[in-house]
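Colleague: Got a structure here, written out as structure tokens. Questions coming.
Taken together, the values in this text are just the output of simple stated rules run on the coordinates, not laboratory data. Worth saying up front: this structure is predicted, and the values here are computed from it rather than measured. So basically every Cβ, Gly included, is an ideal-geometry build from the backbone, and we count neighbours across all protein chains shown.
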Amino acid sequence: MSDNEGLPLRQIPAVHRIIAHPRLISLGERYGRAVVKRAIEKTLDAIRSGAPVNPLLEVIVPLVEDEILRSVSPSLRKVINATGVILHTNLGRSPLAETAIEAVSRACGYSNLELDLETGQRGSRQAHVESLLKTLTGAEAALVVNNNAAAVLLVLTTLASGRQVIVSRGELVEIGGSFRVPDVMAMSGAILAEVGTTNKTRIGDYRAAIGAETAALLKVHPSNYRITGFTQSASLSELVALGEEFSIPVIFDAGSGLLGEGLAGKGSEEPLVQCAIKEGAAAVTFSGDKLLGGPQAGVIAGRADLVKACAKNPLARALRIDKLSLAALEATLRLYMDPDIARKEVPVLRMVTRPLQEVRNAAHRFKSAIERDLGVDALSARLEVVESEASIGGGSMPGTAIESWAVKIVPAGVKVSELARSLRLGNPAVIGRIEDNALIIDFRTVLPGDEEPLRRAVARVLAGDHSGSKANT
Ligand SMILES: *Cc1c(COP(=O)(O)O)cnc(C)c1O
């Protein structure tokens with residue numbers, strides 16, 4: 001039984017009367033009459049089944065206006081990442097470099113995606129990135145697809161369908177819930193031959209498993225976890241030497257796509273793609289949107305014959321990269337032609353290597369500005385600049401914390417979960433980290449251009465406006 005059951009429905013104005021209201025007519029011109037009509041119906045439904053509302057036009061029209069604005073605001077929105085997790089899968093992993101954003105925008109219209117401008121003949125979309133990838137990785141050939149899961153699937157299907165692939169039990173990883181090495185292997189039609197144990201796999205274990213049906217040796221970088229203690233694994237060079245003895249290719253799933261020494265900051269144990277190629281991996285696969293700092297994409301770099309076979313596989317068409325991602329990838333890779341430029345321009349690398357003092361200054365700037373604008377006494381919270389631990393995230397460098405600074409917000413009067421919710425529903429949305437009844441705003445992941453919008457969004461909420469999406473329209 002709803003609260004308004006007893007309300008005479010005749011008192012609620014008819015849809016045709018509401019829709020004729022001048023303010024709604026003007027919103028109808030902007031967003032379409034159908035949007036307004038749906039908003040009216042939704043509002044009236046809510047009134048009929050909710051708490052008693054005065055059924056006057058003056059009351060109903062603003063409710064409809066709110067509903068219209070809610071319904072037309074995009075679902076996919078800008079978020080300020082104050083979590084301290086640089087590659088946050090839920091927040092779209094890697095933010096793009098400025099030149100990559102421009103490249104995407106250029107590629108939105110017609111482009112020479114598959115046209116060779118020199119000859120006027122049909123070209124390959126791969127041509128826009130292949131030579132860059134060859135130069136940067138040292139590989140003979142390269143192919144890009146939709147993501148790294150697709151890259152691994154394509155390589156395994158092409159090289160090993162119906163045949164055996166040897167993998168260490170310590171590398172049968174799950175990444176991000178949906179990428180499980182055994183499942184991808186099954187999907188590819190390759191037959192998984194597990195060797196060794198969870199913590200120890202020796203080169204001899206691989207040797208003992210090699211047979212006439214062995215199509216490849218697979219090494220997977222355990223991106224998101226680390227086995228410590230009593231452990232052993234075969235190195236890529238050992239595997240390559242063994243593979244050469246039996247003429248079996250070694251596939252290396254490197255995960256993150258690190259393309260330069262020192263780019264991942266101190267203490268990095270991420271494998272370098274060019275090292276893996278140099279050590280003799282026949283095919284190396286990696287993501288475009290992890291440490292590489294580009295768009296979602298998967299790269300296969302390696303021996304020309306293998307890459308060519310992958311490109312010819314009909315599955316490649318189903319897994320192909322789209323033009324916008326390709327544009328962003330090309331622009332990102334160009335930045336890597338000079339590692340110093342990459343470090344400055346690729347946001348992920350900039351965040352990893354940003355001097356601690358700068359991060360600390362940003363936290364202090366934020367705190368002072370908010371306290372100055374709102375007045376310390378008027379604040380519904382206590383702010384404190386604190387040390388913090390950021391991380392790479394995205395399944396890269398598990399256990400490696402990056403020193404950082406944050407502003408700790410201890411709300412007074414509202415629960416921290418409520419404060420977090422108001423910030424999430426603001427525009428832009430702000431996502432922090434909840435720790436011990438406080439909200440942590442970690443400045444390692446706040447892009448410099450977002451400092452001002454972040455300050456405004458937080459100030460709005462701390463000034464007592466918990467109205468979420470209504471803010472800043
Ligand atoms: C992240 C990761 C993948 C999956 O890559 P996506 O680009 O997310 O598809 C596969 N293998 C390894 C080792 C990874 O780290």
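Colleague: For the stretch 226-311, just say rounded, prolate or oblate: build the C-alpha gyration tensor, square-root its eigenvalues into a ≥ b ≥ c, call rounded for a/c under 1.5, and beyond that prolate if a/b exceeds b/c, oblate if not. Mind showing how you got there, number by number?
Modeller: Numbers: a/c = 2.15, a/b = 1.11, b/c = 1.94.
Judged from the Cα gyration tensor, the stretch 226-311 comes out oblate (a/c at least 1.5, b/c at or above a/b).
Colleague: Can you pull the one-decimal nm distance between simple spin-label points at ILE101 and ALA186, each 7 Å off the Cα toward Cβ?
Modeller: Simple spin-label model gives 4.3 nm for this pair.
Colleague: How large is the dipole of the chain about the Cα centre if only Lys and Arg carry +1 and Asp and Glu carry -1, each at its Cβ, rounded to the nearest 20 debye?
Modeller: Around 980 debye, computed over the chain.
Colleague: Let me ask you something else. So what is Rg over Rh here for the stretch 9-72, counting just Cα atoms and using Kirkwood for Rh? Provide the component values of the computation, followed by the final result.
Modeller: Details: Rg = 10.8 Å, Rh = 11.6 Å.
Using Cα coordinates only, the ratio equals 0.93.
Colleague: Counting helices only, and only those DSSP H runs with n ≥ 4, report the 222 nm mean residue ellipticity of the chain as the sum of -39,500 (n - 2.57) divided by its residues, in deg cm²/dmol to the nearest 500.
Modeller: -12000 deg cm²/dmol, from helical runs alone.
Colleague: Between THR353, LEU333, VAL414, whose Cα lies farthest towards the positive end of the dipole of the stretch 288-432 when Lys and Arg beta carbons carry +1 and Asp and Glu beta carbons carry -1, centred on the Cα centre?
Modeller: Going by the Cα projections, it comes out as LEU333.
Colleague: Work out the FRET efficiency for GLU244 and ASP338 from their Cβ-Cβ distance, taking R0 = 41 Å, and round it to the nearest 0.05.
Modeller: Values: r = 35 Å, r/R0 = 0.84.
FRET efficiency, GLU244 to ASP338: 0.75.
Colleague: Please compute the length gained on full extension between ARG365 and ALA463, using 0.36 nm multiplied by the number of residues separating them and subtracting their Cα-Cα distance.
Modeller: Extra length available between ARG365 and ALA463 comes to 33.5 nm.
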